[in-house]
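The structure appears right after this line, and notes come after that.
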Amino acid sequence: MPLVTLSYLLKRAQKGKYAVPAFNINNMEILQGIVYAAEKEKSPIIIGVSEGAIKYAGLDYLKAMVDVAAKSKVKMALHLDHGKDIELIKKCIDAGFTSIMIDASFHDFKKNTEITKKVAAICHKKGISVEAELGKLQGVEDNVHVEKGIFTDPDEASLFVKKTGIDALAVAIGTSHGAYKFKGESNLRFDILRKIREKVNVPLVLHGSSQIPIELVRQANTCGAKIKGAKGVPNNDVKKAIKLGICKINIDSDLRLAFIAGMRQALCNDPDCIDPRKILGSGRSAIEKIASEKMRFFGCKNKN
């Protein structure tokens, strides 16, 4: 099945009141686990590729793998996550990505608007969807490093969408990147999300929303990892965000944790193993399991 645009998937999600998971990939096994889960759950998916993943695996390799994955019956979009390098964005457009996130949120409102509008114009000429971010999510992940988050202003959000013509808006309501999201309890600003939804018509996106399941942390630590203090977004908060209009939820840290826990478990079970297929295959199975859980939880099961 040909790749579809982000806009196509999110408009359906907005109408159906569910969210589509955006899973970041770095290698073949992660991609396979996600696609196997989507086939099983009959769920649409968004395959996210970060600038860090491109640096690691290569743009051509990643695109070729997704082209093979797209031969399945799963509706999927290929999305550049947190694109900041304009030249790299252009390369992704030429490579056949169907969705681009331009992240100029580290600039002030005026500069963010100017950059986002230019990228949106380039993408829309090619029929490519555009996501942008307003506000700043705290945390560290790949090339995203933000020490202090800034909540999205609902009035600015309305003006930003009108001026830029973007297809989806990533909002900052208190989630954060990485596996260490909160020192205390989660305190997401649902009041802000409610106001943004009232003022903005385009689909809304939530980054930094991995759950960081405690059972995966324990599994990894039992097998030699030293993950301390990791804390994610509670499922109840994610469910509430979907009810309030979130249509796309980015998942990266949960995939990393599952993949590492799966591989560590394989090595614990068979410390003499030197077959990378057995080690990476265990990581792939862990990816498939957690991806399936996300699809069911987000309400996109049987929505393909």
Requested in this report: Only one of the values (1) 0.95; (2) 1.05; (3) 0.92 was calculated from this structure for Rg/Rh (Cα atoms, Kirkwood Rh); name its label.
Outcome: (1)
Query raised in the report: Using Cα atoms only, what is the angle between the long axis of helix 59-69 and the major principal axis of the chain, expressed in degrees (0 to 90) to the nearest 10?
Result: 80
Query raised in the report: Do any trypsin sites (Lys or Arg not before Pro) in region 29-105 lie in a DSSP loop with no more than 13 other beta carbon atoms within 10 Å, and if so, which?
Result: Lys71, Lys73
Requested in this report: Order these peptides, 5-13, 229-237, 17-25, by their mean beta-carbon neighbour count within 10 angstrom, highest first.
Outcome: 17-25, 5-13, 229-237
Query - Percentage relative contact order, the chain, counting C-alpha pairs under 8 Å, at least six apart - result: 23
Requested in this report: Go ahead and estimate [θ] at 222 nm for the chain from helices alone: -39,500 (n - 2.57) per DSSP H run with n ≥ 4, summed, over the residue count, rounded to 500.
Outcome: -15500 deg cm²/dmol
Report task. Using a 10 angstrom cutoff on alpha carbons, build the Gaussian network for the chain and name the most mobile of Lys294, Lys136, Lys228. Result -> Lys228
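Each value in this text was obtained by applying a stated rule to the coordinates, not by laboratory testing. The shown structure was predicted, so the numbers you read here are calculated from the model rather than taken from an experiment. All Cβ positions, even for glycine, are placed from backbone atoms using ideal geometry, and neighbour counts span all protein chains on display.
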